[in-house]
Amino acid sequence: MVLIHYHPKIHLTFDMIKELAENNNRMINFRPCYMCSIIGQGLTIEKEAREKGTDPELQKYTLASAIVQDSLAHRILGNFIITVQRPTVPTKLFTSTQDALKWFDELRKETQQKKSGH
């Protein structure tokens, strides 16, 4: 699992997202894993980043994506991205990292049960 912590008050661009994805993919040796993004207060995101941030190529090595945030504005934006842009991997919003980790654990157990035929 990869935890990505976005600092408060940054302006996230699509170039930043692409660079982050490339670095993460190298770090995980190009093997699928769970990605958890922790959004800092006051973060803003450019239009291109919102529109292309869920591109299947960027999420090639993502099993599921959790977005941890605690502001109404980020919750609205996150729900918009999930419902309108429809990421190609399971994606869910959380207000705590612990809840996101529990969700990943549930997904992992479901996958193991399917593989073992239970």
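Every read-out reported here was derived from the displayed coordinates using simple, explicitly stated rules and does not represent laboratory data. Since the model is a prediction, treat every value here as computed from it, not as a measurement. Cβ coordinates were reconstructed from backbone atoms using ideal geometry, including for glycine residues, and neighbour counts include every protein chain displayed.
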Hand me the GluC sites (Glu not before Pro) from segment 34-118 located in a DSSP loop with no more than 16 other Cβ atoms within 10 Å, in residue order please. Glu46, Glu57
How high is the FRET efficiency from Asn29 to Asp70, r the C-beta distance, R0 30 Å, rounded to 0.05? 0.40
What relative contact order, as a whole-number percentage, does segment 2-116 give when Cα pairs under 8 Å and 6 or more residues apart are counted? 26 percent
Pairwise FRET efficiency - Ser116 versus Glu19, Cβ, R0 = 41 Å, nearest 0.05: 0.60
Enter the angle in degrees (range 0 to 90, nearest 10) between the Cα long axis of helix 97-116 and the first principal axis of the Cα atoms of the chain, meaning the one along which they spread out most. 30 degrees
Total lysine pairs whose alpha carbons fall under 14 Å of each other in the chain (8 or more apart, or interchain): 4
Relative to the Cα centre, what is the charge dipole magnitude of segment 2-116, using +1 at the beta carbon of each Lys and Arg, -1 at the beta carbon of each Asp and Glu, and rounding to the nearest 20 debye? 340 debye
Residues of segment 56-70 with backbone N under 20 Å of the label point set 7 Å from the Cα of Glu106 along Cα→Cβ are 63-70
Within 10 Å of each candidate Cβ there may be at most 12 other Cβ atoms; applying that plus a DSSP loop requirement, which chymotrypsin sites (Phe, Trp or Tyr not before Pro) in segment 1-109 survive? Phe30
Scan [x] 7.3; [y] 9.7; [z] 6.7 for the value of mean projected area of the Cα convex hull in nm² calculated from this model and give just the label. [x]
Restricting attention to segment 54-118, which trypsin sites (Lys or Arg not before Pro) occupy a DSSP loop and are surrounded by at most 14 other Cβ atoms within 10 Å? Lys60
